[in-house]
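First comes the structure, then the notes that go with it.
The values are calculated or read from the model by the stated rules, or taken from the named source; none is laboratory data. Remember, predicted model here, so these are calculated numbers, not experimental data. Glycine gets a Cβ as well: all are built from the backbone with ideal geometry, and neighbour counts include every protein chain shown. To get the accessible areas, we keep the full protein, side chains included, count just its heavy atoms, and leave off ligands, DNA and RNA. Shrake-Rupley method; radii C 1.70, N 1.55, O 1.52, S 1.80 Å.
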Amino acid sequence: GYSTFYDSKGAYEIPEGFVAMVATMADGNVIKYDTIAGGNAGTNVIPAATPVLLSSGVKLAKRYALSLSKENVQYKGENLLCGSDKQTVTTGPMNSLFYKLTYSNDKSAFGWYWGAANGGAFLINGHKAWLAVPTAMTASPRGYALENEVDGIDEINVTKDANGPVYNVAGQAVDKSYDGIVIENGKKIVK
């Protein structure tokens with residue numbers, strides 16, 4: 001039900017029922033993902049030069065083809081996934097651990113696991129993605145399982161509190177009457 005994909009030269013359409021995700025954060029033993037194509041993403045196109053984790057939600061016994069898209073879609077958000085058009089040795093931000101999509105050593109779980117000893121760089125085929133987690137993000141020592149995770153969450157709605165706290169750019173709570181640049185509901189505002 002999972003695969004990785006990367007192509008720097010073009011955007012691709014994914015088949016119905018698939019989603020394409022980017023890895024946005026590593027927190028302890030959990031990787032956080034954002035769906036950028038399929039599902040509720042509003043598009044079924046994987047942007048060019050965007051390494052993704054593809055999921056069909058179920059294990060499938062047949063192969064699916066991705067079609068080139070005429071849309072010029074770009075992704076500029078956070079992504080811990082890296083990719084290459086040709087076979088290469090994995091790279092990423094300095095002081096990263098490198099993971100490939102595979103089974104754990106004991107074959108008990110499927111997910112992101114070290115491709116080399118101690119999370120070092122490893123050789124990977126072209127048009128595939130790998131996970132590069134900076135050690136500052138408290139990377140998991142050996143891997144991140146994809147199977148047996150919570151499933152069935154369709155949507156999470158976040159309600160912004162109009163009376164929520166306001167912060168200055170130093171992160172200090174300030175009064176609503178504060179003049180200058182403030183952060184309110186996660187957005188910078190000039191007052």
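General remarks:
- Rounded, prolate or oblate (a/c below 1.5 giving rounded, otherwise prolate when a/b exceeds b/c) for segment 35-84 by Cα gyration tensor: prolate
- Here's how it looks for T4: its modeled amide H is under 5 Å from those of L54, A129, which are all 5 or more places away or on a different chain.
- Here the label points at D34 and N125, each 7 Å from Cα along the C-beta direction, are separated by 3.0 nm in the simple model.
- From phi via Karplus (6.51, -1.76, 1.60), per-residue ³J(HN,Hα) for segment 63-75 in Hz, x at Gly/Pro: 8, 10, 9, 8, 9, 4, 10, 8, 6, 9, 9, 10, 10
- For segment 1-76, the per residue solvent-accessible surface stands at 58 Å², with DNA, RNA and ligands left out and a 1.4 Å probe.
- Each residue of segment 16-22 was assigned a 3J(HN,Hα) from its phi angle through the Karplus curve 6.51 cos²θ - 1.76 cosθ + 1.60 (θ = phi - 60°); the sequence is 4, x, 9, 10, 10, 10, 10 Hz, with glycine and proline shown as x.
- Karplus-derived HN-Hα couplings along segment 165-176 (A = 6.51, B = -1.76, C = 1.60, θ = phi - 60°), whole Hz, x at Gly and Pro: x, 10, 10, 7, 5, 7, x, 8, 5, 10, 6, 4
- The portion of the accessible surface of segment 1-108 made up by carbon and sulfur, rounded to a whole percent, is 48 (1.4 Å probe; DNA, RNA and ligands excluded).
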